[in-house]
Amino acid sequence: MQYILKKRALYLAVIFTAFSFSQAEAQLWGKLKDAVKKKAEEVVTEKVGGKPKQTTKETKNQEVQGQKPKSVSVQNDVYEEYTANSIAKNSPDVVGLKLGMTPEQIISALKARNKDFKIKIDRHLKNKSPDDGLRDFEYVVSLTARSPNGENFVVSFSAPPNENFSTYIRRGVSFDENNRPLLKNVIAGLTKKYGPVTNQIFSKKWLYRMNGELVDKNSKIPRSCARLKFYASTIKPLTCNYYVVVLQAGGDEKDIISGIGVELRNPYLQVRSSEKTRKYVVGLKEAAIKKRKEEANKVKVDTDF
């Protein structure tokens with residue numbers, strides 16, 4: 001009997017010890033989660049245009065106190081300060097083509113480079129859109145240019161209510177089988193033009209700040225910029241507010257290339273201009289629906305059915 005009581009006491013002691021440890025672990029885990037949450041709320045970024053980005057925590061406190069919260073992203077405000085001219089002024093170029101250029105300026109630069117370019121323009125024409133948003137506007141959506149020597153371009157433009165300026169430029173070159181360069185020589189030429197490579201994750205990239213200054217390879221850059229690939233979609237990379245030049249090279253042999261691609265973009269401006277257009281179209285649609293309802297409400301109907 002005494003042996004059984006000792007065995008039960010030992011069993012209870014083990015259970016109590018395990019329970020104590022589980023409580024301690026739970027408390028430790030809870031503290032860790034609170035610390036991570038607090039760190040996430042205290043979003044701190046470098047100053048942009050002399051204005052520090054406001055933290056999420058500060059914004060929430062303002063909402064509780066009934067104040068109008070400031071913009072969480074200063075870059076949203078900075079975007080409104082940009083114009084096509086200011087973007088083009090500080091933009092690096094791809095054989096003379098820059099971000100911020102109008103369709104007319106892009107076409108002029110292409111013809112100056114090669115008069116044999118076959119240029120195809122995709123225009124949004126008035127009254128051709130099925131929606132109630134941009135049917136009253138005519139603007140250039142994109143254009144392509146091809147030459148007999150294997151050089152080609154793709155350029156995309158922003159839509160209303162933005163100015164109609166270039167937001168994406170891609171140049172491709174296919175080399176003849178008997179005239180293919182070494183990769184190191186291509187990179188040397190690009191380095192001479194754009195400066196030292198800023199980042200090499202996935203693709204070689206040169207980053208420039210919006211004032212035209214080249215970003216040093218040792219500088220900290222947003223993850224969305226560092227991991228940007230050639231010909232990649234821009235899914236909300238709102239932190240990458242830089243001019244980005246991306247290189248893509250390929251070939252059958254390691255050091256000899258059959259073709260290259262160079263693209264110039266600012267992912268932040270691309271997304272912001274598209275979002276601005278989307279909101280504008282939604283507003284126009286809502287206004288059109290409201291107007292039709294008001295007109296329909298004035299129609300007299302014989303209710304004697």
Identify the residue in region 265-305 that is surrounded by fewer than 10 Cβ atoms within 10 Å (Cβ to Cβ) and not in a helix (DSSP H, G or I) and, among all such residues, is nearest to the chain's Cα centre (by Cα). V299
Inter-residue pairs, beta-carbon under 8 Å, first closer than 14 Å to D136 by Cβ and in region 284-296, second surrounded by 10 or more Cβ atoms within 10 Å (Cβ to Cβ) and not β-branched (V, I, T), 6+ apart: L284/D132; L284/G133; L284/L134; K285/D131; K285/D132; K285/G133; A288/D132
Test: residue in region 284-296 that is at pLDDT below 85 and either within 21 Å of Y82 (Cα to Cα) or charged (D, E, K, R) (or both): yes
What residue, among those in region 124-153 that are among the aliphatic types (A, V, I, L, M) and buried (at least 17 other Cβ atoms within 10 Å of the Cβ), is modelled with the lowest pLDDT? L134
Given the conditions (1) at pLDDT below 85; (2) closer than 30 Å to G150 by Cα, and given that F305 satisfies all but one, which numbered condition is not satisfied? (2)
Among the residues of region 191-199, are any free of Cβ contacts under 8 Å to residues at least 12 places away in the same chain, exposed (fewer than 12 other Cβ atoms within 10 Å of the Cβ) and in a helix (DSSP H, G or I)? yes
Can you name every residue in region 239-298 that is under 17 Å from V173 (Cα atoms) and among the polar types (S, T, N, Q)? Q248, S258
In region 105-124, what residues are in contact with a strand residue (DSSP E or B) (Cβ under 9 Å, 6 or more places away or on another chain), of a type outside the set (A, V, I, L, M, F, W, C) and part of a helix (DSSP H, G or I)? Q105, K111, R113
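With respect to L228, determine if the residue is touching a Phe, Trp or Tyr at 6+ places or on another chain (Cβ under 6 Å), at pLDDT below 85 and among the aliphatic types (A, V, I, L, M).
no
The values are calculated or read from the model by the stated rules, or taken from the named source; none is laboratory data. Nothing here was measured: the structure is a model prediction, and the numbers come from that model. No Cβ is skipped: glycine too gets one built from the backbone with ideal geometry, and neighbour counts run over all protein chains shown.
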